[in-house]
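Visitor: Quick one: the structure is below, and I'll ask about it shortly.
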Amino acid sequence: VLVPSGEQRGCRRLYQSAGTDWQGHFALHGIAQGDYLLFAWEQVRSGRWYDAEFIKQNESAGVAVSIREKSKETRTLKAIPAQAAR
């Protein structure tokens, strides 16, 4: 799940989510320029990431990523255990 940082966090159209393939790879496309946190939960209820308190509780597990025009970014994430998504 890609979550916008700072003041943009209230703009739902900037959030993106994707599942992984059998190797754990994922791809997100068409991301607006800006700063984001990237999360990988083992299991999370769809849409839970819109809850500011939930994101605050998991923020330290997010990976920062800055998207600029025509950028292509690669990140390796450690999955957040399912119990942390409650």
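All of the numbers you see were taken from the coordinates with simple rules; none came from a lab. All values derive from a computational prediction rather than experimental measurement. Positions of Cβ are backbone-derived with ideal geometry, glycine not excepted, and every protein chain shown enters the neighbour counts.
Visitor: I want the local charge near R12. Using Cβ-Cβ distances under 15 Å, sum +1 for each Lys or Arg and -1 for each Asp or Glu among the other residues.
Guide: +1
Visitor: 7 Å from Cα along Cα→Cβ at both A18 and K78: what's the point-to-point distance in nm?
Guide: 2.3
Visitor: Turning to a different aspect of this structure: Taking a quarter of the surface of the convex hull around the Cα atoms of the chain, what do you get in nm²?
Guide: That works out to 5.5 nm².
Visitor: Right, here's the next one. I need the Debye-formula profile for segment 32-82: one equal scatterer per C-alpha, no solvent, reported as log10 I(q)/I(0) at q = 0.15, 0.16, 0.22, 0.24 1/Å, two decimals.
Guide: So the normalised log intensities are -0.46, -0.52, -0.89, -1.00.
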